[in-house]
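The values are calculated or read from the model by the stated rules, or taken from the named source; none is laboratory data. All values reported here derive from a predicted model rather than from experimental measurement. Note: ideal-geometry Cβ built from the backbone for every residue, glycine included; neighbour counts use all protein chains shown. When the accessible area is computed, the model is the full protein with side chains, heavy atoms only, and any ligands, DNA or RNA have been set aside. Shrake-Rupley method; radii C 1.70, N 1.55, O 1.52, S 1.80 Å.
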Amino acid sequence: MAQALQRAMRDAMAEDPTVHVMGEDVGTLGGVFRVTDGLAKEFGEDRCTDTPLAEAGILGAAVGMAMYGLRPVVEMQFDAFAYPAFEQLISHVAKMRNRTRGAMPMPIVIRVPYGGGIGGVEHHSDSSEAYYMATPGLHVVTPATVEDAYGLLRAAIASDDPVVFLEPKRLYWSKSDWSPEAPAPVEPIGKAVVRRRGTGATLITYGPSVPVCLEAAEAAQAEGWDLEVVDLRSLVPFDDETVSASVRRTGRAVVVHESTGFGGPGAEIAARVTERCFHHLEAPVLRVAGFDIPYPPPMLERHHLPGVDRVLDAVARLQWEAGS
Amino acid sequence: MDSLQQRSSTVQEPPGAISDYRPTPPPAWQPRTDPAPLLPDTEPLRVLGTDAVADADPALLLRLYAELIRGRRYNTQATALTKQGRLAVYPSTTGQEAGEIAAALALEERDWLFPSYRDTLAAVARGLDPVQALTLLRGDWHTGYDPHEHRIAPLCTPLATQLPHAVGLAHAARLKGDDVVALAMVGDGGTSEGDFHEALNFAAVWQAPVVFFVQNNGFAISVPLAKQTAAPSLAHKAVGYGMPGRLVDGNDAVAVHQVLTEAVARARRGGGPTLVEAITYRIDAHTNADDATRYRAAGEVETWRAHDPILILERELTERGLLDEDGKRAAAEAAETMAADLRERMNADPVLDPMDLFSHVYAEQTTQLREQAAQLRAELEAEGEA
Ligand SMILES: Cc1ncc(C[n+]2csc(CCOP(=O)(O)OP(=O)(O)O)c2C)c(N)n1
């Protein structure tokens, strides 16, 4: 996946000279996850820039660059190190279009490696999507496959609105048949996709939890449960259509994500599904999420992250009648 | 709208009067303080290898030596533990031991240390159990130690964010009438963060008893100092806030100890904060997970090895007849004992209770957490039975 993301930036930079990549260690080192590897060499340090170590400064400068017609793609090194930049993000990036009655769009992509499961120490595993989702003016997207990583990042860079691009860091090393020589067409932002067809219940998920849900769906088959898996890809805008159509077909739904449950993304999703599918639901919409605790130390993270068993438990709680 | 029109019309009327207009000259601008005494010297202070070393207390020299040897051994041991998978990650301070240790030793017991994520040696020099200093990096708990025990704030991973805390604590101590000083440590990269600037400004305005200690080891991960700042030195940054900036050779343990002791004393007697920049070098990569060959030349490392903090202190002690082979052996043995103990205790699997996940989120557990704790307990029981 890291390679697909890198390729997306490279293609965008080659096509459009206004695209600039910047952040901490993105140049010579190629980023701590090597996602920007080679860009500085190919496009020069003015197009792929090692900035001083200051997240508010990076994003604030990106605002000014966007005001002058550039399309900055900034990297926040880790989820929890984006927090110093929140003032710029919330007060300026998200609101500039609105404050200027549309005169000043903010075509900025904020790339954030996020989530756990890689044994990172403190402050290296947060899932911050709920904060971003709660801020009008931002798009929030997150790929779960190598193909989507390329397509979604191209779409994000092409977008005239700011996009918080959440990269599930435990999927950085995931592979597929995707070939960098024949990149897939760019997907528009805001479309969910059904990753697996099923009739018994819908697992609604995104990012790092997609592979977990697919695995759970396979495991469920042994018990006679036929599960559908919807990968949201985009949290804002939210694809109500794909999600509702799926839940109407299956009549049951579980939302799965690793960020905390209370006030988390699942709360919004469950409410929307209930509002739209109330008469089709055979059971309440359930949530399987991380516990409502600060992200745990690496030695305990497996107890926090929602795994296959917890997903299957929730499916069982949908008052399933075996064999139906 | 109306008042705007009125105002503009008064400015324009009567026509012709504009030529008679003479602005009142602004009051002559006066610098409020002469910045000269705040400016750092152009050369970093050195004591070892200069005449000034004659004044150094032999007991202090020997103490520093023993601690530096122990610190180096700690670094090599912790790095070895990463290779054995006993530690998730370790940011080594090999080559930087003098700054870490001499700075920590300049504090009195009642003072507070605010370390960054790299400053394990400073914490250990202050008395923290070597294993506890690694809890965070092993991954069994976040920080985990009790900050009150040795007056060490949690090792801070988000860069520069501990600096305002140091200012607040020092200020609070002064409000209470305690003569406590806070030492706040940060790397060269961290000085670019907004929190660094805000902390310095608060400290100077409040005249808080804080010493800011910047260890300039040349790099923030891969980014060299030249891409971090255009200032003549990081110590120069002090002047704009109204506090003195001091430059010191960070590999000269005696010089670091002297500059820090002066800054701490100044803070304690109500003289306000100081910004100290120690010039040093990171011999190892950023962490064991980093590939330093991508951004720096090997020759550079070799130049700095010749200015190794242990080497230059050892030379002084030997020349003065304070250290012989027996002395060296004794220091090495003491370090080895520490390393053996560290190795042994780190090789034991930590005993973890997953239920602790819910123990310290709130003073009193919320209903929500009690429910989740029950869920996990049931899962663990099922796991145990399976
Ligand atoms: C706010 C924040 N942004 C980014 C990081 C990621 N990071 C960890 S260490 C580091 C470099 C720090 O360099 P410096 O301040 O010079 O200290 P050194 O590592 O050299 O001791 C970076 C960018 C972080 N920890 N905190």
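Key figures
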{"read-out": "Matching residues in segment B:169-194 - criterion: being within 15 Å of B:Pro115 (Cα to Cα) and not aliphatic (A, V, I, L, M)", "value": "B:Gly187, B:Asp188, B:Gly189, B:Gly190, B:Thr191"}
{"read-out": "Residue ID - surrounded by the fewest Cβ atoms within 10 Å (Cβ to Cβ), chosen from residues in segment A:259-269 that are in contact (Cβ under 8 Å) with a residue 60 or more places away in the chain and either small (Gly, Ala, Ser) or more than 14 Å from chain B (Cβ to nearest Cβ) (or both)", "value": "A:Gly263"}
{"read-out": "B:Asp179 being within 16 Å of the ligand (Cβ to nearest atom) and surrounded by fewer than 24 Cβ atoms within 10 Å (Cβ to Cβ)", "value": "no"}
{"read-out": "Any hit, segment B:210-217, residues being touching a Lys or Arg at 6+ places or on another chain (Cβ under 6 Å) and within 16 Å of the ligand (Cβ to nearest atom)", "value": "yes"}
{"read-out": "Odd one out for A:Asp231, checked against (1) away from chain B (no Cβ under 14 Å); (2) among the acidic types (Asp, Glu); (3) farther than 27 Å from A:Gly151 by Cβ", "value": "(3)"}
{"read-out": "Verdict on A:Gly151 being within 14 Å of chain B (Cβ to nearest Cβ) and open to solvent by less than 40 Å² (accessible area, probe 1.4 Å)", "value": "no"}
{"read-out": "Filter result for B:Pro147 (within 16 Å of the ligand (Cβ to nearest atom), within 20 Å of B:Ala106 (Cα to Cα) and open to solvent by 30 Å² or more (accessible area, probe 1.4 Å))", "value": "no"}
{"read-out": "Boolean, B:Pro115 is more than 12 Å from every other protein chain (Cβ to nearest Cβ), at pLDDT 95 or above and away from the ligand (no atom under 16 Å from the Cβ)", "value": "no"}
{"read-out": "Answer residue from segment A:270-309, given it is out of contact with any helix residue (DSSP H, G or I) (no Cβ under 8 Å at 6 or more places or on another chain) and charged (D, E, K, R) and is least open to solvent (accessible area, probe 1.4 Å) among those", "value": "A:Glu301"}
{"read-out": "Filter result for the condition that a residue is at pLDDT below 95 and within 36 Å of the chain's Cα centre (by Cα), over B:Ala363, B:Ala335", "value": "B:Ala363"}
{"read-out": "Qualifying residue in segment B:156-176 (condition: among the β-branched types (Val, Ile, Thr) and within 14 Å of the ligand (Cβ to nearest atom))", "value": "yes"}
{"read-out": "Single residue of A:Ile118, A:Ile110 found to be under 14 Å from the mean Cα position of the chain (by Cα), within 16 Å of the ligand (Cβ to nearest atom) and without any contact (Cβ under 8 Å) to a residue 60 or more places away in the chain", "value": "A:Ile110"}
{"read-out": "A:Asp46, sole failed condition from (1) within 14 Å of chain B (Cβ to nearest Cβ); (2) outside any loop (DSSP other than H, G, I, E, B); (3) among the charged types (D, E, K, R)", "value": "(2)"}
{"read-out": "Condition check for B:Gly139: without any contact (Cβ under 8 Å) to a residue 40 or more places away in the chain, more than 16 Å from the ligand (Cβ to nearest atom) and in contact with a helix residue (DSSP H, G or I) (Cβ under 8 Å, 6 or more places away or on another chain)", "value": "no"}
{"read-out": "Residues that are under 24 Å from A:Asp126 (Cα atoms), open to solvent by 20 Å² or more (accessible area, probe 1.4 Å) and more than 9 Å from chain B (Cβ to nearest Cβ), drawn from segment A:61-86", "value": "A:Phe78, A:Phe86"}
{"read-out": "Flag for A:Ala314 being within 30 Å of B:Leu352 (Cα to Cα), over 20 Å from the mean Cα position of the chain (by Cα) and surrounded by 19 or more Cβ atoms within 10 Å (Cβ to Cβ)", "value": "yes"}
{"read-out": "Elements of type helices (runs of 4 or more DSSP H) contained in segment A:57-174, each with 1 or more residues being under 30 Å from A:Pro297 (Cβ atoms)", "value": "A:129-133, A:146-158"}
{"read-out": "Members of segment B:65-123 found to be touching a Ser or Thr at 6+ places or on another chain (Cβ under 6 Å) and either open to solvent by less than 10 Å² (accessible area, probe 1.4 Å) or among the aliphatic types (A, V, I, L, M) (or both), listed by number", "value": "B:Asn75, B:Val89, B:Tyr90, B:Pro91, B:Ser92, B:Gln96, B:Gly99, B:Glu100, B:Ala106, B:Leu121"}
{"read-out": "Residues (open to solvent by less than 10 Å² (accessible area, probe 1.4 Å) and either without any contact (Cβ under 8 Å) to a residue 24 or more places away in the chain or within 14 Å of chain A (Cβ to nearest Cβ) (or both)) located in segment B:194-214", "value": "B:Phe196, B:Ala199, B:Val214"}
{"read-out": "Residue match in segment B:241-250 (condition: modelled with pLDDT of 95 or more and within 15 Å of the ligand (Cβ to nearest atom))", "value": "yes"}
{"read-out": "Hey, A:Ala40 farther than 26 Å from A:Ala144 by Cβ, buried (at least 20 other Cβ atoms within 10 Å of the Cβ), of a type in the set (A, V, I, L, M) and away from the ligand (no atom under 15 Å from the Cβ) or not", "value": "yes"}
{"read-out": "Per-region count, segment A:56-81, residues over 15 Å from A:Pro162 (Cβ atoms), within 14 Å of the ligand (Cβ to nearest atom) and either over 20 Å from the mean Cα position of the chain (by Cα) or of a type in the set (Ser, Thr, Tyr) (or both)", "value": "2"}
{"read-out": "Any hit, segment B:230-240, residues being surrounded by fewer than 18 Cβ atoms within 10 Å (Cβ to Cβ) and either within 16 Å of the ligand (Cβ to nearest atom) or within 14 Å of chain A (Cβ to nearest Cβ) (or both)", "value": "yes"}
{"read-out": "Count - residues of segment A:95-112 that are closer than 14 Å to A:Phe165 by Cα and open to solvent by 10 Å² or more (accessible area, probe 1.4 Å)", "value": "1"}
{"read-out": "Segment B:322-363: number of residues that are away from chain A (no Cβ under 14 Å) and either outside any loop (DSSP other than H, G, I, E, B) or within 25 Å of A:Asp292 (Cβ to Cβ) (or both)", "value": "23"}
{"read-out": "Pairs with Cβ under 6 Å, 6+ apart, first in segment A:18-30 and more than 7 Å from chain B (Cβ to nearest Cβ) and within 12 Å of A:Arg47 (Cα to Cα), second open to solvent by less than 10 Å² (accessible area, probe 1.4 Å) and in a loop (DSSP other than H, G, I, E, B)", "value": "A:Val21/A:Thr36; A:Val26/A:Thr36"}
